[in-house]
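Peer 1: Submitted below is the structure of interest, expressed as structure tokens.
The values are calculated or read from the model by the stated rules, or taken from the named source; none is laboratory data. All figures in this text were calculated on a predicted structure; none of them were measured in a lab. We place every Cβ from the backbone using ideal geometry, glycine too, and count neighbours over all the protein chains shown. All accessible areas refer to the heavy atoms of the entire protein, side chains included, with ligands and DNA or RNA removed. Shrake-Rupley method; radii C 1.70, N 1.55, O 1.52, S 1.80 Å.
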Amino acid sequence: MAETLLFNALREAIDEEMARDPSVFVLGEDVGHYGGSYKVTKDLYKKYGDLRVLDTPIAENSFTGMAVGAAMTGLRPIIEGMNMGFLLLAFNQIANNAGMLRYTSGGNYKIPMVIRGPGGVGRQLGAEHSQRLEAYFQGVPGLKLVACSTPYNAKGLMKAAIRDDNPVLFFEHVLLYNLKEDLPEEEYVLPLDKAEVVRRGKDVTILTYSRMRHHVMTAVKTLVQQGYDPEVIDLISLKPLDFDTIGESVSKTHRVIIVEECMKSGGIGAELTASINDRLFDELDAPVLRLASQDIPTPYNGTLENLTIVQPHQVVEAVQKMAAMRI
């Protein structure tokens with residue numbers, strides 16, 4: 001076991017897959033000589049050359065379109081969005097091209113590509129650099145959406161995403177890159193479509209993902225001291241949702257709280273709530289409760305920024321509120 005930072009776990013995954021498969025290459029702004037905005041591709045150009053770690057102009061629509069074409073011809077591109085918010089400039093290429101070409105070509109083309117990069121609310125990065133794009137892309141057919149949350153799952157999921165024959169949007173949180181964890185020295189690959197039961201419990205199911213996993217686990221320490229026994233599930237796969245794991249938990253606890261950093265209106269939690277009501281309504285002893293970010297652009301001011309996103313004390317209060325509900 002070796003202690004590894006999350007950004008290095010991602011780098012290891014990319015390095016190992018580039019060594020294993022010569023069709024894998026990286027492209028994006030500053031991914032080569034600079035090493036990526038958060039050093040996920042540091043020094044890879046020295047090992048693989050400038051054509052497999054390709055620095056591009058500031059033109060997201062162009063290099064994303066080029067990556068789609070490369071994937072169609074048998075290569076496996078990994079796009080780094082310097083910030084995930086910038087990939088809105090390539091929405092057409094991601095949605096109309098990457099997401100749909102396998103279908104519209106009658107299966108003649110596979111689109112094995114990964115679109116990855118930092119997102120989420122950082123520390124005073126301003127509104128345009130604090131985007132959560134999960135819900136933007138959730139409605140696009142043909143895409144897989146994955147959100148890593150620990151160095152362990154970041155590495156295993158990245159390796160799986162690179163090997164997948166479909167386009168994968170890989171969400172990394174800007175404030176998790178320096179998270180440390182001991183990783184196995186032997187190779188491992190994790191499934192892209194499975195949630196992780198982080199903590200087993202019987203009182204309430206808390207569904208979360210990305211950085212909010214850690215806020216929830218902070219809240220759990222307080223809740224356990226107060227006598228509550230919550231079950232915590234890290235969704236990991238945002239599309240498709242792992243309803244086998246979710247359903248098994250809800251059938252046990254009969255209560256659900258969703259904690260996300262995405263916006264409440266039209267967010268991941270909105271889809272989860274609708275799907276739970278559709279599939280598991282008879283299992284619920286209380287309405288699904290959602291905790292999500294405020295529906296406003298993220299303020300630059302640090303105090304106001306913290307007020308826009310869910311904090312651990314709100315999770316504690318939500319569990320207390322739900323426990324007090326009676327049918």
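Peer 1: Return the residues of segment 144-154 that are under 17 Å from G81 (Cβ atoms) and open to solvent by 10 Å² or more (accessible area, probe 1.4 Å); say none if nothing qualifies.
Peer 2: Across segment 144-154, the qualifying residue is only K144.
Peer 1: Here's a follow-up. What number of residues within segment 52-73 satisfy the criterion of being open to solvent by 50 Å² or more (accessible area, probe 1.4 Å) and assigned to a helix (DSSP H, G or I)?
Peer 2: Total meeting the criteria: 4.
Peer 1: Just one of L27, L10 is assigned to a strand (DSSP E or B), open to solvent by less than 10 Å² (accessible area, probe 1.4 Å) and of a type outside the set (G, A, S); which is it?
Peer 2: Of the residues listed, the single one that is assigned to a strand (DSSP E or B), open to solvent by less than 10 Å² (accessible area, probe 1.4 Å) and of a type outside the set (G, A, S) is L27.
Peer 1: Note down all Cβ pairs under 6 Å where the first residue falls in segment 182-197 and is over 18 Å from T208 (Cβ atoms), the second is at pLDDT below 95 and part of a loop (DSSP other than H, G, I, E, B), and they're at least six residues apart or on different chains.
Peer 2: Filtered contacts from segment 182-197: D182/M1.
Peer 1: Right, here's the next one. Take segment 35-51 and flag every residue that is open to solvent by 20 Å² or more (accessible area, probe 1.4 Å) and either closer than 20 Å to G119 by Cα or in contact with a strand residue (DSSP E or B) (Cβ under 7 Å, 6 or more places away or on another chain) (or both).
Peer 2: Residues satisfying the conditions are S37, Y38, K39, K42, Y45.
Peer 1: If you don't mind, another one. Only one of L176, L125 is of a type in the set (A, V, I, L, M), in a loop (DSSP other than H, G, I, E, B), open to solvent by 20 Å² or more (accessible area, probe 1.4 Å) and farther than 21 Å from L241 by Cβ. Can you tell me which?
Peer 2: L125
Peer 1: As an exercise: evaluate Y103 against (1) outside any helix (DSSP H, G or I); (2) of a type in the set (F, W, Y); (3) open to solvent by 10 Å² or more (accessible area, probe 1.4 Å) and give the number of the one condition it does not meet.
Peer 2: Unmet for Y103, out of (1) outside any helix (DSSP H, G or I); (2) of a type in the set (F, W, Y); (3) open to solvent by 10 Å² or more (accessible area, probe 1.4 Å): (1).
Peer 1: Give just the number: which of (1) surrounded by fewer than 24 Cβ atoms within 10 Å (Cβ to Cβ); (2) part of a loop (DSSP other than H, G, I, E, B); (3) within 17 Å of the chain's Cα centre (by Cα) does V197 not satisfy?
Peer 2: Tallying (1) surrounded by fewer than 24 Cβ atoms within 10 Å (Cβ to Cβ); (2) part of a loop (DSSP other than H, G, I, E, B); (3) within 17 Å of the chain's Cα centre (by Cα), V197 fails exactly one: (2).
Peer 1: Can you tell me which residue within segment 302-319, out of those that are open to solvent by 30 Å² or more (accessible area, probe 1.4 Å) and at pLDDT below 95, is farthest from Q138 (Cα to Cα)?
Peer 2: In this case the residue turns out to be T303.
Peer 1: Given the conditions (1) touching a helix residue (DSSP H, G or I) at 6+ places or on another chain (Cβ under 9 Å); (2) open to solvent by 40 Å² or more (accessible area, probe 1.4 Å); (3) over 22 Å from S130 (Cα atoms); (4) in contact (Cβ under 8 Å) with a residue 40 or more places away in the chain, and given that L88 satisfies all but one, which numbered condition is not satisfied?
Peer 2: Status for L88: all satisfied but (3).
Peer 1: Which residues, counting only those in segment 291-301, are open to solvent by 70 Å² or more (accessible area, probe 1.4 Å) and of a type outside the set (S, T, Y)?
Peer 2: Q294, D295, I296, P297, N301
Peer 1: Can you tell me which of L133, L176 is within 13 Å of the chain's Cα centre (by Cα) and modelled with pLDDT under 95?
Peer 2: Only one candidate passes the filter, namely L133.
Peer 1: Quick one: in segment 257-288, of everything that is out of contact with any helix residue (DSSP H, G or I) (no Cβ under 6 Å at 6 or more places or on another chain) and among the β-branched types (V, I, T), which residue is surrounded by the most Cβ atoms within 10 Å (Cβ to Cβ)?
Peer 2: I276
Peer 1: Then there is this: Would you check which residues across segment 274-317 are farther than 18 Å from S210 by Cβ, in contact (Cβ under 8 Å) with a residue 12 or more places away in the chain and assigned to a helix (DSSP H, G or I) and list them?
Peer 2: Of everything in segment 274-317, those that are farther than 18 Å from S210 by Cβ, in contact (Cβ under 8 Å) with a residue 12 or more places away in the chain and assigned to a helix (DSSP H, G or I) turn out to be S275, I276, R279, L280, E283, G302, L307, H313, V316.
Peer 1: Continuing with this model, one more query. Show me the strands (runs of 3 or more DSSP E) entirely contained within segment 200-240 in which 2 or more residues are more than 23 Å from L143 (Cα to Cα) and open to solvent by 20 Å² or more (accessible area, probe 1.4 Å).
Peer 2: Because the criterion is at least 2 residues that are more than 23 Å from L143 (Cα to Cα) and open to solvent by 20 Å² or more (accessible area, probe 1.4 Å), no strands (runs of 3 or more DSSP E) in segment 200-240 meet it.
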